[in-house]
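What follows is one structure encoded as structure tokens, with my remarks underneath.
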Amino acid sequence: LMANITTNIEPLMQMLVDPNERESYAWIRMRIRRIWDRWTKAVNSLAAKQDLSGRRQKKILVHLGLLSQQSGWKFAENQFKGGPLGELVQWSDLITTLYILGHKLTITSEVDQLKNILSKLPAANSPCQSRKELPVHIIYTDIVGLRQFKKFVKEGYGKFSCLLRIVDTFGTEPAFNHQQFAKKRKKSSSWGGQNLQPQQFFNMFPHSPDNSFMGFVVEQHLNDSLVNEIPRENQALVYGKNEYMWQAKTQYLDIINKSLEVHATVYMDERSDKETNTASTIIPSYVINHGFLNGEDLHTLLRQSKVFVGLGFPYEGPAPLEAIANGAVFLNPKFNPPHNRNNNAFFKGKPTEREVTSQHPYAEQFIGEPYVYTIDIGNEEQVRSTVQKILDLDTFQAYMPYEFTEEGMIQRMNSYIEHQNFCQFQRQPSKWPPEKAITLLFGEPNKSCKDVCWEKNFICEPSHFLRTNSMEALKQHGAPCSTEKVALDIFYPALDTRTNDCILQQDELLFSCVGKQENLRRLCPCRNYIKGQIALCQGCE
Ligand code: UDP
């Protein structure tokens, strides 16, 4: 069966019927409907640029563990009450992408539903059951869902594990993913230790090249003539939908309030409703709070605003990209020192050593001025002069990276679906991305491959590590190898500059873009990329 582009929304809506009274899919349905027209235009526009015909239809199971009652997270309960939405944004967009590309979906979010489906699978130990006959080709879930999944497939898990794609916002580094290694190095975390291939983790932003960048779509529904009729006012909108995010930010906001009218969309519970700030001791009384808004109203407000004001939390949400796409300048709080799992409660249990340098590292590193100013919000003079710089701008231009458009997301996910294969025998070098997109680089001591590649305008490409893991490869790139060794750690293959030992990687699961150590020069697989579509190499769509 072939996958045909599907632009009729109704069958999808019928798939998203809530399994219980919790109305788990209500927000997701709303989002999908609201931007559906843009999705259909995008897929047609992509089809005009690249051949989307002749693709095999894949059977895809999507299991949203985060929505399950069992998770205890109350995502469903809080979807209209200021609860976290970034994840729901991502799931909405993933589901839409898969559906519109014409794949055959099964969507579940409760354990009973999953059980029901898995009970129909052929027994794991049936003799002639090869992977080709498995009833699904791909499974998208999250860590909570993965745990539920493992519980029910039991012995069958080994066979299914290569079909998994784990939606994982903040990323999982190889050192944390490898269960034994993590345990030995005291890097165990409740999220890590899954022993999947690191690229089976799908992130919200392109922050961890060891994983795959899935992303989401930045909403832009005011794209018509309407937009130009909304004049930009001397307004700032604060990014902070819960009161607690405003704690200890008054000085910073006072400076902004000197030149801009400060607006907000803080969710207040039923009691205080819209008069909010009079009821709040944390939110300054001059703030005009609109309460939590629906998408369209929020975007209108963004259009009227000159500045979108970050408070430092939440990390890496979709909202700053929406603001920038609507022409508001994002004030991005800089973290010095950067937040990480050793100094910050939020990142404490996360399976990554990543150094988070600001509230929104993507906005900082990939967008920058004049759309984004990353500043120390405790430095009054810097805040004042930055606000002045923004007010001096004569136009407020919108900016939208291609990778966050509907078309960009469809293109990227389609490439993953067509080319990624985690079931193939591991000792085979990867065919995608193709070899011609890869350059092997021999790094300086104490540099990670992520940095070695990035400095030469490449991305570390973990699927090609195998090609670096030999004495010949190391020698060819200038390593004066005296002896050959193998070891098990995230730095290898590498040259030890003190001993001239060439050390190869013993366990492929530990190939890592981020590993670095003094005296070690790493040999790195780097790939080129499309600007604005960093997940793909040039000509690799
Ligand atoms: N949002 C909304 N109404 C509001 C404030 C935010 O609909 O009053 C939406 C916003 O447009 C974005 C989503 O909530 O798409 C998630 O926003 P955020 O960046 O805060 O991420 P989170 O922390 O929820 O993951």
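Any read-out appearing in this document is the output of simple, stated calculations on the displayed coordinates, not a laboratory observation. Fair warning: this is a prediction, and the values are worked out from it, not measured in the lab. Ideal geometry is used to build each Cβ from the backbone, glycine not excepted, and the neighbour counts take in all protein chains shown.
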Just to be sure I understand the model, the point goes 7 Å from the Cα along the line to the Cβ. What's the resulting Asp394 to Asp297 distance in nm? 3.7
Model label zone, Glu455; criterion: amide N under 11 Å from point 7 Å along Cα-to-beta-carbon; scope the range 428-449: 442-449
Cβ-Cβ FRET estimate between Tyr286 and Asn242, R0 fixed at 25 Å, reported to 0.05: 0.85
Mean Cβ-within-10 Å packing, highest first, puts peptides 391-398, 88-95 in the order 88-95, 391-398
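Taking 35 Å as R0, compute the FRET efficiency from the Cβ-Cβ separation of Asp37 and Ser119 and round it to 0.05.
Details: r = 39 Å, r/R0 = 1.11.
In this case the efficiency is close to 0.35.
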Under 25 Å from the Cα of Lys241 - lysines, other chains or at least 8 residues apart: Lys74, Lys81, Lys249, Lys258, Lys274, Lys306, Lys334, Lys348, Lys350
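Let me check I've understood the local charge: for Val17, count other residues with C-beta under 13 angstrom from its C-beta, Lys and Arg +1, Asp and Glu -1. What total comes out?
On the way: positive: Arg22, Arg29; negative: Glu10, Asp18, Glu21, Glu23, Glu110.
Residues near Val17 contribute -3 overall.
Between Ala345 and Thr439, what is 0.36 nm times their sequence separation minus the Cα-Cα distance? Round to one decimal in nm.
30.0 nm
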Using the 10 angstrom Cβ neighbour count as an exposure proxy, how do Tyr362, Tyr25 rank, fewest first? Tyr362, Tyr25
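Would you work out the relative contact order for the chain, in percent, from Cα pairs under 8 angstrom that are 6 or more residues apart?
12
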For Ser109, enumerate residues with amide H under 5 Å from its amide H, sequence gap 5+ or separate chain, H modeled in the peptide plane. Leu64
What aspartates and glutamates sit close enough to Lys475 to cross-link, taking a C-alpha to C-alpha distance under 12 Å and skipping anything fewer than 8 places away on the same chain? Glu484, Asp501
Which of Lys120, Lys334, Lys104, Lys249 comes first, and how do the rest follow, when ranked by fewest Cβ neighbours within 10 Å? Lys120, Lys104, Lys334, Lys249
Between Lys186 and Thr483, the two model label points (7 Å from Cα along the beta-carbon direction) sit apart by a distance in nm of 2.9
Any idea what angle helix 26-49 forms with the longest principal axis of the chain, computed on alpha-carbon atoms, 0 to 90 degrees, nearest 10? 60
